[in-house]
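The values are calculated or read from the model by the stated rules, or taken from the named source; none is laboratory data. Bear in mind the structure is a predicted one, so any value in this text is a computation, not a measurement. Don't worry about glycine lacking a Cβ; one is built from the backbone with ideal geometry, like all the others, and counts go over all protein chains shown. Note: areas computed on protein heavy atoms with side chains; ligands, DNA, RNA excluded. Shrake-Rupley method; radii C 1.70, N 1.55, O 1.52, S 1.80 Å.
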Amino acid sequence: MSKPMFPETDAEIDPTTPAELKTRLDAGESVTLLDTRAESEYEMWHIDGPTVRTVNVPYFEFLDGFDADLVADVPTDEPVVVVCAKGKSSEFVAELLADAGYDTSHLEDGMRGWARLYEHTDLELPSGSLVRQYRRPSSGCLAYMVESEGAAAVVDPLRAFTDRYVADARDLDASIEYVLDTHIHADHVSGLRDLADATGAEMIIPAAAAARGVVDADGMRSVDGGDTLTVGGATIAVRPTPGHTSGMTTYRVDDHLALTGDTLFLDSVARPDLEDGDEGARAAAEQLYDTLHDRLLTLPEDTLIGPAHFGDAETAREDGAHLATLGSVIDRLPLLSVDKEVFVDRVLANMPPRPANYEEIIAANLGQTTPSAADAFTMELGPNNCAAGE
């Protein structure tokens, strides 16, 4: 191990991979994490969950050696996984604790490794179409592949995982014909362009989203309400659902699954301030209320809702997917049953900090800038923070 800035230790420990940690969390195992990043980084973004206990002690506190007082809140009788940004300082701290008798490991590649973790669950619709839901646990981002009769479409792809979509389509013996975004994302760099370049697929963007100033919109196909795409034997119907952004759009697959983007989540609704800021937030929240009640809550209650994000406190289905019927979402989210004024006030009062680097990410997704793959990955590290409400 090469770590010239850290004192030498005697211990040699094996790392815990992000996939191994996620498996433990999915199994409901209690996990103690010692996060050695600066407090500001930790507060902005850290691994959480119903069975996770996290202690934050910055690594520089350990540079003078082990001090039991620093880890007074860290249990001595159970395994501890040490976490940092890139896996270097956490390795040093884990070895230091191991020398002191703790059962430790460190998260391989740190939070960057956690951000590279990407999972999926397959769902067969009553129509026979296959829907693959992709999940990025580090940020809660969700994407979807719709496959039918050898044709596929990918909705809300992340640029960082372009190769994954290409490989999965190959494994499914399918050709990606369309790449769609539900809106101009503010929390991650879209894979729309990269995936189209890699596969020859047609880029699909809502007309109102293109109107925000997408530089290369001439090379994309704009869609609006009433339009329908055919993917093998599957159909994707276009339904504008503005509020989160002016171009926010829901794609309804085979009348069974509504891919709602950032309009409606399983435990919350969209935040309305990422396009026009605080000044336009109230008007956007009012528009969101109308959208929900006129265009989404009017769908059949057995319609599956597939959002573009999930939250830390949200419980997945047994198969790991974050999907639920519209009826169950209505039952679990009282915000959908209040009048317009109360709805708007509650949404505006319950918004988290805006996503990290959101203005730079929006510029990239508009095609105004072209960050490198490494810069794009760094820009989107952190929580998505695209939800508001209860």
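Net charge near D103, counting Lys/Arg +1 and Asp/Glu -1 over other residues with Cβ under 9 Å of its Cβ?
Summing Lys/Arg as +1 and Asp/Glu as -1 gives -2.
Kirkwood hydrodynamic radius (Cα pairs, Å) of the range 295-373?
15.8 Å
Let's test this: bin the Cα-Cα distances of the range 91-248 at 5 Å from zero up to the farthest pair and state each bin's percent.
Reading upward from the zero bin: 2, 8, 16, 18, 17, 13, 8, 4, 4, 4, 3, 2, 0, 0.
Give the separation of the Cα centroids, the range 206-224 to the range 328-384, in Å.
What the calculation gives is 20 Å, centre to centre.
Bin width 10 Å, origin at 0, all Cα-Cα pairs of the range 158-306: what percent of pairs per bin?
11, 39, 37, 13, 1
Take the solvent-accessible surface of the protein heavy atoms, probe 1.4 Å, and return the percent of it on the range 112-269 that carbon and sulfur atoms account for.
For the range 112-269, the apolar C and S fraction of the accessible surface comes to 42 percent.
Mind checking Rg over Rh on the range 48-87, alpha carbons, Kirkwood formula for Rh?
Over the Cα atoms of the range 48-87, Rg/Rh equals 0.96.
What number, rounded to the nearest 500 deg cm²/dmol, is the helix-based mean residue ellipticity at 222 nm of the chain, given -39500 (n - 2.57) per DSSP H run of at least four residues and division by all its residues?
-7000 deg cm²/dmol, from helical runs alone.
Can you tell me the relative contact order of the range 185-262? Whole percent, Cα pairs under 8 Å, sequence separation 6 or more.
20 percent
Please identify, among V155, V342, V82, the residue showing maximal mean-square fluctuation in a Gaussian network model of the chain using a 10 angstrom Cα cutoff.
With Cα springs under 10 Å in the chain, the top fluctuation among V155, V342, V82 is at V342.
Determine the relative contact order of the range 226-352: mean sequence separation of Cα pairs under 8 Å and six or more apart, normalised by residue count, in whole percent.
About 23 percent, as a whole number.
Tell me the net charge near V329. Cut-off is 12 Å between Cβ atoms, V329 excluded, with +1 for each Lys or Arg and -1 for each Asp or Glu.
That works out to -4.
Can you tally the net charge around N56? Count Lys and Arg as +1, Asp and Glu as -1, for every other residue whose Cβ sits under 10 Å from the Cβ of N56.
Value of the local net charge: -4.
What nm value, rounded to one decimal, do you get for the distance between L297 and A72 when each label is placed 7 Å out toward the C-beta?
5.0 nm
With no solvent and one equal point scatterer placed on each C-alpha of the range 158-242, evaluate the Debye formula and give log10 I(q)/I(0) for q = 0.11, 0.16, 0.23 Å⁻¹, two decimals.
The Debye formula, applied to the Cα set alone, gives -0.30, -0.65, -1.25.
What residue among L70, L107, L326 shows peak mean-square fluctuation when the chain is described by a Gaussian network model with Cα springs under 10 Å?
Answer for the Gaussian network model of the chain: L70.
Given N residues in the chain, what is Rg(Cα) / (2.2 N^0.38 Å)?
For the chain, the normalised Cα radius of gyration is 1.03.
What percent does the relative contact order of the chain come to when contacts are Cα pairs within less than 8 Å and at least six residues apart?
13 percent
Of the candidates E202, E341, E177, which one comes out as most mobile in a Gaussian network treatment of the chain with C-alpha springs shorter than 10 Å?
Among E202, E341, E177, the largest mean-square fluctuation in the Gaussian network model of the chain belongs to E341.
Between Y144 and residues 5 or more places away or on another chain, which pairs have amide H atoms under 5 Å apart, with H built 1.01 Å from N, and which residues are they?
Y134, V155
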